[in-house]
Amino acid sequence: MLKGKPFVKWAGGKRSIVNKLIELSPHEFSTYYEPFIGGGAMLFELSPKKAVINDYNRELMNVYQCIKDENKFTLMSSELNKHEKNHSEEYYYQIRDIDKNKNKFKRLADYKRAARTIYLNKACFNGLYRVNSQNQFNVPSGKKNKINTYDGINLGIIYSFLNLNDIKILSTDYEEAVKDAKKGDFIYFDPPYDSDTTTFNNYTDNGFDKKEQKRLFKVFCDLDQRGCYVMLSNYNTILIRELYQNYYFHYVETQRNIGAKAKDRGIVEEVIITNYNNN
Ligand SMILES: C[S@@+](CC[C@H](N)C(=O)[O-])C[C@H]1O[C@@H](n2cnc3c(N)ncnc32)[C@H](O)[C@@H]1O
């Protein structure tokens, strides 16, 4: 079976540790839930028959919706080709700044918004997603002369995957996204990471602070009690070790690929926590 790969570069993307995640996944489960989907590396590799995918970022989830819809997919693809052809420094800022006019942006067709999200991701500095307090995308140009926004083969594989399987696409808070999970379902949480120092973790207009990590822990425990298989990745920080001390820890070394400064790209220890033992 051909598997898709992320159509955007996303902070915290899981491509480098996806094999480890697969190895630690339960051998059998009913519905797969991924409430912080981002670029979807794990979803595509796992390719479940039934899944609920979610992310708070509406622009991102609109892309998944548009890839799934045949008509919107066709329109989005030609829009992507247009962006690729017209790309220049000036064009980037023209497309980026569409959201400065709130009314105009609200009226923009879904497929145009989706193509804009992919284009900005490919053409901006370092594939970052960052918005200001007005929810306006404010990442500068990556100053690339040429970009490939349209990867027709990969998008086609993702289109088939989303349509041949039972995949529900949501854009809400993670707690709401997993509310229907039942015994035997598998939930993989890849939240914005905790940190012992300050690092890049502002993915959306709402931050994910220590209070949020504690709320997520409660949701993890609740799912555990419901009889779900729960897996979570995060950094190996003091808080994470303390919260999840009664669960299974698996250690992975990973290279961070997003960060404006070189020092933010060092090796950091990532942990995968499960409420089950796969051995
Ligand atoms: C670490 S990233 C996920 C990376 C992703 N798994 C991948 O492989 O690319 C965390 C994601 O959580 C989303 N997010 C932040 N707060 C959220 C919330 N309260 N509910 C749902 N999603 C949230 C962000 O938009 C971001 O895409």
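Given the structure, is residue 30 among the polar types (S, T, N, Q) and not in a helix (DSSP H, G or I)? In short, yes.
Across the stretch 1-33, the qualifying residues are those that are among the aliphatic types (A, V, I, L, M) and over 15 Å from residue 154 (Cβ atoms), and the one among them that is nearest to the ligand (Cβ to nearest atom) is 11. Please work out if residue 210 is at pLDDT below 95 and more than 13 Å from the ligand (Cβ to nearest atom). The answer is yes for residue 210. Scanning the stretch 34-91 for residues that are away from the ligand (no atom under 16 Å from the Cβ), assigned to a loop (DSSP other than H, G, I, E, B) and closer than 19 Å to residue 6 by Cα gives 49, 69. I'd like to know if the stretch 95-106 contains one or more residues that are assigned to a loop (DSSP other than H, G, I, E, B) and exposed (fewer than 13 other Cβ atoms within 10 Å of the Cβ). Yes; the residues of the stretch 95-106 include at least one that is assigned to a loop (DSSP other than H, G, I, E, B) and exposed (fewer than 13 other Cβ atoms within 10 Å of the Cβ).
The values are calculated or read from the model by the stated rules, or taken from the named source; none is laboratory data. Predicted model, so just to flag it, every value in this text is computed and none were measured. Note: ideal-geometry Cβ built from the backbone for every residue, glycine included; neighbour counts use all protein chains shown.
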